[in-house]
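Quick one: structure below, then a few questions.
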Amino acid sequence: MSTAKPVKRITTHVLQAMKERGEKIAMLTAYDYSMARLLDGAGIDILLVGDSASMVMAGHETTLPITLDEMIYHAAAVVRAAKRALVVVDLPFGSYQGNSEEALKSAIRIMKEAGAHAVKLEGGAEVLESVQRIISAGIPVMGHLGLMPQSIYKFGTYTVRAREEAEAAKLQEDSRLLQEAGCFGLVLEKIPAQLAGQVAQNLRIPVIGIGAGGKVDGQVLVMQDMLGITRDFSPRFLRRYANLDELIDRAVKNYITDVKNCDFPNEEEQY
Ligand code: KIV
């Protein structure tokens, strides 16, 4: 008989309870099986299969090119690894905007084909019909306001959003609409800390920030950024917890040297 304790899955209800007791939620992005296994084993609460995969995995300049099929491929690998974390998957650009029927079809594909636990999408009032339709089908939805990378060509830059009163007021209203539509959580990206704190205080649902200060209910970072794999990205909000770029560079250089010098493989490393 195994004495190992069964792992208790994080659900949207668990996240709600965490907010209610003031326990912060830790979320990271993941796009493949091996890394997702490590992050899940370390105890991360939410794994986000972000459309940032378009940039960090595929090398595109923005999040716009990634397709629904590609998101499903990444998501299925992450789901296979996650024993404890809730797996949330981004609906990619063009798979939900302006057409709630298509939005529902896209969300259903992510749930059915990848085995995801929830979807995330960007926007407030403009996408409310899609949000409502997806939630009516029993699929948990996480909102995303503030800097919305899928709208980068409308914004023109990746700078802090909602510094102006009108944009801050719209963000407050959108966050309320998303909660009333039934979203189980909300991501706020790159907005003033004070505004993010107010939104988190006004909402019942958990609010997860990225570049939104510490007065929210949890934090999310792109895994490659916090592990120091992306060398040329260092916004103010990013804390690097490792310098994997240096480690990998050193390891690969050592390997090349060993191969060139016939030091690898040695007697014990062959059959
Ligand atoms: O795609 C992504 O990685 C995200 C996070 C930045 C929240 O949406």
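Go through region 8-30 and give me each residue that's in contact (Cβ under 8 Å) with a residue 60 or more places away in the chain and either of a type outside the set (A, V, I, L, M, F, W, C) or open to solvent by 60 Å² or more (accessible area, probe 1.4 Å) (or both).
Passing the criteria: Lys8, Arg9, Thr11, Thr12, Gln16, Lys19, Lys24, Thr29.
Separate question: Could you check how many residues of region 1-42 are part of a loop (DSSP other than H, G, I, E, B), in contact with a strand residue (DSSP E or B) (Cβ under 8 Å, 6 or more places away or on another chain) and not basic (Lys, Arg)?
Here is the first cut: in region 1-42, the residues part of a loop (DSSP other than H, G, I, E, B) are 1-11, 22-24, 30-32.
Next cut, in contact with a strand residue (DSSP E or B) (Cβ under 8 Å, 6 or more places away or on another chain) only: 9-11, 24, 30-31.
Next, only the ones that are not basic (Lys, Arg) stay: 10-11, 30-31.
So the count comes out to 4.
Where residues in region 43-75 are among the hydrophobic types (A, V, I, L, M, F, W, C) and more than 15 Å from the chain's Cα centre (by Cα), which of them is farthest from the ligand (Cβ to nearest atom)? I'd like the intermediate steps shown before the answer.
So the first thing to find is which residues in region 43-75 are among the hydrophobic types (A, V, I, L, M, F, W, C), and the list is 44, 46-49, 53, 55-58, 64, 66, 68, 71-72, 75.
Restricting the remaining residues to those that are more than 15 Å from the chain's Cα centre (by Cα) gives 58, 64, 68.
Numbers: Ala58: 12, Leu64: 12, Leu68: 14 Å.
My answer is Leu68.
Further question on the same structure: Please go through region 191-215 and pick out each residue that is of a type outside the set (Val, Ile, Thr), within 16 Å of the ligand (Cβ to nearest atom) and over 18 Å from Glu23 (Cα atoms). Break it down into steps so the answer makes sense when it comes.
Within region 191-215, the first condition is being of a type outside the set (Val, Ile, Thr), and the residues that meet it are 192-198, 200-204, 206, 209, 211-215.
Applying the additional criterion that residues be within 16 Å of the ligand (Cβ to nearest atom) yields 196, 200, 206, 209, 211-213.
Passing the criteria: only Gly211.
Quick one: what pairs do we get from region 222-239, first residue in contact (Cβ under 8 Å) with a residue 24 or more places away in the chain and assigned by TED's automatic domain parsing to the domain that holds Pro192, second loosely packed, with under 12 Cβ neighbours inside 10 Å and basic (Lys, Arg), C-beta under 9 Å, 6+ apart or different chains?
Partner pairs satisfying both residue conditions: Met226/Arg239.
Next up: Take Gln172 and tell me if it is away from the ligand (no atom under 16 Å from the Cβ), under 26 Å from Gly98 (Cα atoms) and in the same structural domain as Gly94 (by TED's automatic domain parsing). Can you show your working first?
Values: away from the ligand (no atom under 16 Å from the Cβ): yes; under 26 Å from Gly98 (Cα atoms): yes; in the same structural domain as Gly94 (by TED's automatic domain parsing): yes.
Spelling it out, Gln172 is indeed away from the ligand (no atom under 16 Å from the Cβ), under 26 Å from Gly98 (Cα atoms) and in the same structural domain as Gly94 (by TED's automatic domain parsing).
Please tell me if Gly209 is surrounded by 15 or more Cβ atoms within 10 Å (Cβ to Cβ) and in a strand (DSSP E or B). Please lay out each step first, then the result.
On the way: surrounded by 15 or more Cβ atoms within 10 Å (Cβ to Cβ): yes; in a strand (DSSP E or B): yes.
Spelling it out, Gly209 is indeed surrounded by 15 or more Cβ atoms within 10 Å (Cβ to Cβ) and in a strand (DSSP E or B).
Can you confirm whether region 251-260 contains a residue that is away from the ligand (no atom under 15 Å from the Cβ) and not in a helix (DSSP H, G or I)? Don't jump to the end; show me each part of the working.
Here is the first cut: in region 251-260, the residues away from the ligand (no atom under 15 Å from the Cβ) are 251-260.
Restricting the remaining residues to those that are not in a helix (DSSP H, G or I) gives none.
No: zero hits.
The values are calculated or read from the model by the stated rules, or taken from the named source; none is laboratory data. Everything numeric here is computed off the predicted structure, so don't read it as measured data. Because the Cβ atoms are built from the backbone with ideal geometry, glycine has one as well, and the counts that use them run over all protein chains shown. Surface areas here come from the heavy atoms of the whole protein model, side chains and all, with no ligands, DNA or RNA. Shrake-Rupley method; radii C 1.70, N 1.55, O 1.52, S 1.80 Å.
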